[in-house]
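S.K.: Would you mind keeping the following structure in view while I ask a few things?
Here, each number is a calculation from the coordinates, and none is a lab measurement. These figures come from a predicted structure and were not determined experimentally. Counting neighbours? That spans all protein chains shown, and the Cβs are built from the backbone with ideal geometry, glycine included.
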Amino acid sequence: MQEYVIPYFFAVEYYKKYSTYPFGERQHGNKGILSFYMEKFSVNTYDKAFNMLKYIVMNSYRGHISCPCGSGKRIRQCHKNTIIYWQQEKYRKIFIEDYYNLSKERKANE
Ligand SMILES: [Zn+2]
């Protein structure tokens, strides 16, 4: 039950803000999606949000390394709780999909 309910509420909140669902094809709105993550991750730039998303998708939690937000602090002194929270399995599918779409766009813009 929970496996489906939580992503549903996440999706509804996401849709209300950006008029797009976090599943499926998305040509537009990547800025909106990054704004959503800026808020969720408590960071103030698109790049920081992207780097946080990348860390959450690609790595397991390790407190001693530099925080992906770029503060220069170790994760355990910075975004520890944020990272642990958003690494929950129930968000993983959405995050992988967003990370994939956002990195595709970043590559195209290089
Ligand atoms: Zn941080």
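S.K.: For T45, T82, what's the fewest-to-most ordering of other Cβ within 10 Å of each Cβ?
M.R.: T45, T82
S.K.: Can you give the extra length, in nm with one decimal, that the chain gains between H64 and N44 once fully stretched, where that is 0.36 nm per residue apart less the Cα-Cα distance?
M.R.: 4.9 nm
S.K.: With a Förster radius of 30 Å, plug the Cβ-Cβ distance of Q88 and E110 into 1/(1 + (r/R0)^6) and report the FRET value to the nearest 0.05.
M.R.: The computed FRET efficiency comes out at 0.40.
S.K.: Now for a separate question. How far is it, in nm, from the label point at A11 to the one at S103 when both lie 7 Å from their Cα along the line to the Cβ?
M.R.: Between A11 and S103, the label points sit 2.4 nm apart.
S.K.: Just list whichever of K48/K80; K54/K107; K48/K104; K31/K80; K48/K90 have alpha carbons separated by over 19 Å in the model shown.
M.R.: Over 19 Å apart, Cα to Cα: K31/K80; K48/K90.
S.K.: Evaluate the charge dipole of segment 47-110 about its Cα centre and quote only its size in Debye, nearest 20, assuming +1 on the Cβ of each Lys and Arg and -1 on the Cβ of each Asp and Glu.
M.R.: Computed about the Cα centre, the dipole is about 300 debye.
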